[in-house]
Amino acid sequence: MSASFSQSTELQSWKTLQDLYDSGAKNLSVKEEFAKDPKRFEKFSRTLTNHDGSKILFDFSKNIVNEDIFNALIKLAKEAKVEQLRDAMFAGEKINFTEDRAVYHVALRNQSNKPMSVDGHDVTAEVNSVLAHVKEFSEQVRSGEWKGYTGKAITDIVNIGIGGSDLGPVMVTEALKAYSKRDLHVHFVSNIDGTHIAEELRACDPETTLFLVASKTFTTAETTTNANSAKQWFLEKAKDESHITKHFVALSTNAEEVSKFGIDTKNMFGFENWVGGRYSVWSSIGLSVALYIGYDNFVDFLKGAEAVDHHFTTTPLEENIPAIGGLLSVWYNNFFGAQTHLVAPFDQYMHRFPAYLQQLSMESNGKSVNRANDFVTYSTGSILFGEPATNSQHSFFQLVHQGTKLIPADFILAAQSHNPIEGNLHQRMLASNFFAQAEALMVGKSKETVEKEGTPANLVNHKIFLGNRPTTSILAQKITPAALGALIAYYEHVTFTEGAVWNINSFDQWGVELGKVLAKAIGKELDSKAEVSTHDASTNGLINQFKDWSA
Ligand code: F6P
């Protein structure tokens, strides 16, 4: 589905938004808007209901918007044909046109089993058959029925993968640790740095370790190298190659490479090329999640995402939570010139959530060419960053509060803790910070107030907080598998909405190729002792110094 425009700046609503910005929105005081409108919170917050009836509240009211801006943003989504592109995605059309692929991760969480087709072929049965395999296998491993080569049950799972074949599984297993089988340990090896695998394997015994080699393509250099090292480590003790069957499984789309590696394709959990790497945690790439938290919880995770898919596809844009999130991001990015977006979960279990979102957002929308093959004339993807709060409050929040940059932020909190220790004292302190940070960023602290406090004249300016820094507060009841599934799907569709408005292809990733190709060539040069002179002077100098020092 191609858009009827090239540059999004051509859209009438884009011009309206620019006029609104120039004629006052840039100085719109959110604090004053609250004073003017007692219903502002109700007007700009939305509640999502999950499949199990649990809810997540999205409070957009602390953003720099009023009704005119909000309406113009909704109009922008309409003119940019966000709904049409969304419908094309859910219809299995090949909207990833540079790779000629459908973008169909949403079919992986189709728990209601509605027909979902690519190229006229309903994929539901295949998806369900992989899920049945995941169920059978995860139950065998968790119950101890699946035995290693010496007849012992599995105690350690090592997922070897990188990018989307790592970040989702790591983040979800950490976020849902409270649901885990505590005597089953999960490890993740992604980095080609030998330290990663070496350190993870220190805690493992080949007799009781199961490796999941997770790679969509099964050609990613880091993953195949790490997987070969794992195989060697295993065979040092197990000796016999026939034991590999019990200890290595593959999560991949590439059966040929899987069997070349020596894994029996019986032990392969497949998926199709319409699943992008950064959207693959819902596929068999999520096997480590199912092993760790159990199949039923994994299904609940899928159902949470499906509930958001349902919301995204059936709710008018004015009420559509991910669409609103995406449009606000465009508002700050393209009209306020914001370069970054902060996501801070007030939840220690979610400590890898920002890292996960970095790939989702930046690999999707870090693009300069639009769907009409023209270079865009406006800014696209934000630099997403984040760390869990309250830790981040004690590191980079200074810049968010008083720096010279506008940093739109999302704060995430669950009302109920999985660890309500000390009579829930910790949770109350955590929550008080969640509310206080968003409030402080909005209300700031005026010169007048600082002076009234008797601040010495030379410190007054240092203690002023300008405020009016936008935040979206996301309040869940509890981070259950369903709630986490919903939050991820929310961000997927936020990213989708942004990309649709920017008229870019959010589903390819050509930008990762050049470095890979150069690294391969340099790898060969590092194999020889000869001095290198084929690059620019800096690269030659660095390579030759490395050769000298590492010899
Ligand atoms: O290099 C980027 C990338 O292609 C990501 O998009 C992907 O998630 C990652 O590499 C891993 O790819 P694979 O699962 O094929 O090993």
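The values are calculated or read from the model by the stated rules, or taken from the named source; none is laboratory data. Just so we're clear, the structure is a prediction, and the values are computed from it rather than from any experiment. Heads up, the Cβs are rebuilt from the backbone with ideal geometry, glycines too, and the neighbour counts pull from every protein chain shown.
Structure values in brief
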| read-out | value |
| --- | --- |
| Helices (runs of 4 or more DSSP H) completely within region 3-46 that count 1 or more residues being at pLDDT 95 or above and more than 15 Å from Asp68 (Cβ to Cβ) | 30-36, 40-44 |
| Criterion: touching a helix residue (DSSP H, G or I) at 6+ places or on another chain (Cβ under 8 Å), more than 14 Å from the ligand (Cβ to nearest atom) and at pLDDT 95 or above - qualifying residue of Leu184, Leu251 | Leu184 |
| Tally, over region 283-315, of residues that are over 12 Å from Ala482 (Cα atoms) and touching a residue at least 60 places away in the same chain (Cβ under 8 Å) | 17 |
| Any chance Asn228 is over 23 Å from Thr173 (Cβ atoms) and either within 16 Å of the ligand (Cβ to nearest atom) or assigned to a loop (DSSP other than H, G, I, E, B) (or both) | yes |
| Odd one out for Asn159, checked against (1) more than 16 Å from the ligand (Cβ to nearest atom); (2) buried (at least 19 other Cβ atoms within 10 Å of the Cβ); (3) on the phi < 0 side of the Ramachandran plot | (1) |
| Qualifying position, being surrounded by 17 or more Cβ atoms within 10 Å (Cβ to Cβ) and of a type in the set (A, V, I, L, M, F, W, C), among Ala551, Ala530, Ala476, Ala521 | Ala476 |
| Odd one out for Glu222 among (1) outside any loop (DSSP other than H, G, I, E, B); (2) within 26 Å of Tyr149 (Cα to Cα) | (2) |
| Near pairs, Cβ below 6 angstrom, 6+ apart or cross-chain, from region 162-176 (free of Cβ contacts under 8 Å to residues at least 24 places away in the same chain) to any residue that is near the ligand (Cβ under 8 Å from one of its atoms) | none |
| Evaluation of Thr220 against (1) of a type in the set (Ser, Thr, Tyr); (2) within 14 Å of the ligand (Cβ to nearest atom); (3) at pLDDT below 95 (one fails), failing number | (3) |
| Unmet criterion (only one of (1) of a type outside the set (Lys, Arg); (2) surrounded by fewer than 22 Cβ atoms within 10 Å (Cβ to Cβ); (3) within 16 Å of the ligand (Cβ to nearest atom); (4) in a helix (DSSP H, G or I)) for Gly286 | (2) |
| Long-range neighbours under 9 Å by Cβ, at least six apart or interchain, first residue more than 16 Å from Ser288 (Cβ to Cβ) within region 204-218, second in a strand (DSSP E or B) and within 15 Å of the ligand (Cβ to nearest atom) | Thr217/Ser252; Phe218/Ala250; Phe218/Ser252 |
| Every residue from region 231-250 that is in contact (Cβ under 8 Å) with a residue 12 or more places away in the chain and assigned to a helix (DSSP H, G or I) | Lys231, Trp233, Phe234, Glu236, Lys237, Ala238, Glu241, His243, Ile244, Thr245, Lys246, His247 |
| Looking only at region 187-198, and only at residues there that are touching a strand residue (DSSP E or B) at 6+ places or on another chain (Cβ under 9 Å) and outside any strand (DSSP E or B), the one that is nearest to the ligand (Cβ to nearest atom) | Ser190 |
| Selection from region 489-522 of residues that are assigned to a helix (DSSP H, G or I), small (Gly, Ala, Ser) and within 16 Å of the ligand (Cβ to nearest atom) | Gly499, Gly511, Gly515, Ala519 |
| Gln509 vs. criteria modelled with pLDDT of 95 or more, under 30 Å from Ala323 (Cβ atoms) and not aliphatic (A, V, I, L, M) | yes |
| Any hit, region 485-505, residues being over 22 Å from Thr404 (Cβ atoms) and out of contact with any helix residue (DSSP H, G or I) (no Cβ under 9 Å at 6 or more places or on another chain) | no |
| Some residue of region 259-275 being among the acidic types (Asp, Glu) and within 16 Å of the ligand (Cβ to nearest atom) | yes |
| Given (1) without any contact (Cβ under 8 Å) to a residue 60 or more places away in the chain; (2) more than 16 Å from the ligand (Cβ to nearest atom); (3) among the aliphatic types (A, V, I, L, M), number of the condition Leu342 does not satisfy | (1) |
| Matching residues in region 230-257 - criterion: being under 28 Å from Ala153 (Cβ atoms) and surrounded by fewer than 16 Cβ atoms within 10 Å (Cβ to Cβ) | Gln232, Leu235, Glu236, Lys237, Lys239, Asp240, Glu241, Ser242, Thr245 |
| Count of residues meeting criterion [aliphatic (A, V, I, L, M), within 29 Å of Ser29 (Cα to Cα) and part of a helix (DSSP H, G or I)] in region 312-362 | 7 |
